[in-house]
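Inspection log for the structure reproduced underneath, given as structure tokens.
Computed from the coordinates by the stated procedures, all read-outs in this text should not be read as laboratory data. Every value quoted in this text rests on a predicted model; they were computed, and no experiment measured them. Here the Cβ positions follow ideal geometry from the backbone for every residue, glycine too, while neighbour counts run over all protein chains shown.
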Amino acid sequence: MAAQSKQNILRDAIFQREWLLIGAIVAAHLGLYWIAALPFLPLLISAVGLSALTFVLQVSKSRRIFSAAKQDEDEGSAAHVNEVAGAVLLQFPDPLIVLDGDGRVVLSNADIHQSIANAAPGRILSAVMRTPAVLDAVARIYDGGEAETVEFETPGATESHSHAHCLPMQIGKGDDLRLFVLIILHDLTAARRVDQMRVDFIANVSHELKTPLTSLAGFIETLQGPARDDEEAREKFLEIMQKQSTRMGRLVDDLLSLSRIELDEHVPPSDTVQTNEVITEVISNVRPVAEERKVSIAFHTEEDLPNMLASRDQMFQVFQNLIMNAVKYGGSNNRVEVSVYLEHKVQDESDEEAIRVDVTDHGPGIAREHIPRLTERFYRVDENQSRTSGGTGLGLAIVKHIVARHRGEFSIQSTLGKGSTFSVVIPVFSAESSD
């Protein structure tokens with residue numbers, strides 16, 4: 001409406017000036033006729049000719065003006081459309097790439113999606129994504145194929161699953177018709193983890209709960225039958241049943257905890273944690289168990305340690321599992337040492353800082369063949385000792401997955417007869433990472 005009104009005003013101004021010029025021409029000729037007494041017919045022909053020429057020139061000029069105004073309007077409209085398209089692109093929830101006919105990036109929302117951070121305009125697709133399934137799908141579209149959706153996996157510290165929608169786009173008309181390819185990526189990692197979590201949970205629960213449930217069923221049957229009136233047997237069986245039900249409760253809690261950790265394992269943490277504060281709280285919680293087993297806990301740390309980029313609750317769970325295991329399995333009348341210090345690692349010609357936490361016991365140690373399997377679910381070096389101590393066989397598996405989520409490292413060193421050291425290395429929080 002505003003553009004149309006602007007054009008009407010411009011048109012009225014042009015034609016108003018045109019009629020003023022024609023009026024001036026007619027008035028001049030009439031003056032010559034009356035004052036100079038020139039012949040009427042030549043003056044009439046001259047007036048009509050000049051008026052017609054003025055009209056033609058003004059119409060031509062008005063067309064040029066309207067054409068320029070229309071061009072300015074179209075350019076403004078195109079700029080507005082491009083601005084809107086750019087805003088929509090930045091708000092699009094999934095990574096998006098547009099390729100030209102040569103397979104080079106012409107458009108992307110790489111600024112807000114780390115997975116395509118190197119998708120700068122002008123780069124060829126193979127330099128942005130090294131995924132054969134996607135590259136082959138795009139090649140088939142350039143050969144005349146139709147839209148495709150392909151799934152692929154991205155290896156790394158935490159494997160991710162995605163699918164790519166590859167669609168051809170014909171833009172332009174006639175000889176200016178050009179082929180573009182639109183690629184939309186969608187992360188399936190969370191959905192895949194949920195599916196795997198369900199499968200693992202059912203398998204683990206059916207395996208680990210079968211024995212205690214069978215025991216409970218046997219005790220209940222005995223109490224309902226032969227031991228119905230045996231008070232001593234009833235007290236004994238009820239105590240065992242209570243222990244079995246408590247163990248099942250811990251098992252379910254650990255399974256749920258592990259499932260939640262695995263579900264978010266591909267999402268790095270964004271909070272900051274003061275390591276010494278967390279470990280001090282863990283030691284305070286574990287100390288009653290240590291005192292009962294006559295185990296001393298020594299805490300060695302450096303001053304002014306930087307913060308870790310971590311989840312406080314999960315790091316508390318890591319240190320509690322490791323220190324509690326050292327207290328339970330390191331042997332009575334022994335000691336546990338917790339050491340925290342700053343570690344420097346040179347990687348890709350840069351010096352990276354990390355917090356290293358070593359939990360050392362001086363117990364019987366672990367045979368070398370068991371160490372690689374300690375982080376497997378329900379793997380136990382001594383199954384009877386583990387069950388007696390109330391373990392579920394999931395503690396180190398939980399530690400491994402939490403450390404993986406924090407892009408850290410978890411290692412185990414042990415010598416028979418001398419003890420074991422469980423080490424966790426987590427990257428620190430720096431000023432650069434917060435900018």
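Please tell me the relative contact order of segment 189-344 in percent, rounded to the nearest whole number, where contacts are Cα pairs under 8 Å and at least six residues apart. Write down the numbers at each step before the final one.
Details: 124 pairs, mean separation 36.3, N = 156.
The value is 23 percent.
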### Task
Report ³J(HN,Hα) in whole Hz for each residue of segment 274-287, in order, from the Karplus equation J = 6.51 cos²θ - 1.76 cosθ + 1.60 where θ = phi - 60°; Gly and Pro get x.
8, 4, 4, 5, 5, 5, 4, 5, 4, 4, 4, 6, 7, 4
### Task
Tell me which residues come under 5 Å, amide H to amide H, from Ala310 once H is placed; ignore anything under 5 positions away on its chain.
Asp271, Thr272, Val273
### Formal net charge of residues neighbouring Gln242 (Cβ-Cβ distance under 14 Å; K, R +1; D, E -1)
+3
### Query
Which residue, chosen from His165, Gly122, Gly144, occupies the Cα position most advanced towards the positive end of the dipole of segment 94-187, where the dipole is computed from +1 (Lys, Arg) and -1 (Asp, Glu) charges on Cβ about the Cα centre?
Gly122
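Provide Thr222, Thr214 in ascending order of the number of other Cβ atoms located within 10 Å of each residue's Cβ, fewest first.
Values: Thr222 15, Thr214 11.
Exposure proxy ranking, most exposed first: Thr214, Thr222.
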### Which listed pairs, of Lys243/Lys400; Lys210/Lys418; Lys294/Lys400; Lys345/Lys400; Lys243/Lys418, have C-alpha distances above 25 Å, in listed order
Lys243/Lys400; Lys210/Lys418; Lys294/Lys400; Lys243/Lys418
#### Entry: Fully extended contour minus Cα-Cα distance, from Tyr379 to Lys236, at 0.36 nm per residue
48.5 nm
### Summary
The answer for Val336, listing residues at least 5 apart or on another chain whose modeled amide H is closer than 5 Å to its amide H, is Ser296, Ile297, Ala298
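Please arrange Arg293, Arg130 by how many other C-beta atoms lie within 10 Å of their C-beta, fewest to most. Could you put the intermediate results ahead of the total?
Values: Arg293 15, Arg130 10.
Placing the least packed residue first, the sequence is Arg130, Arg293.
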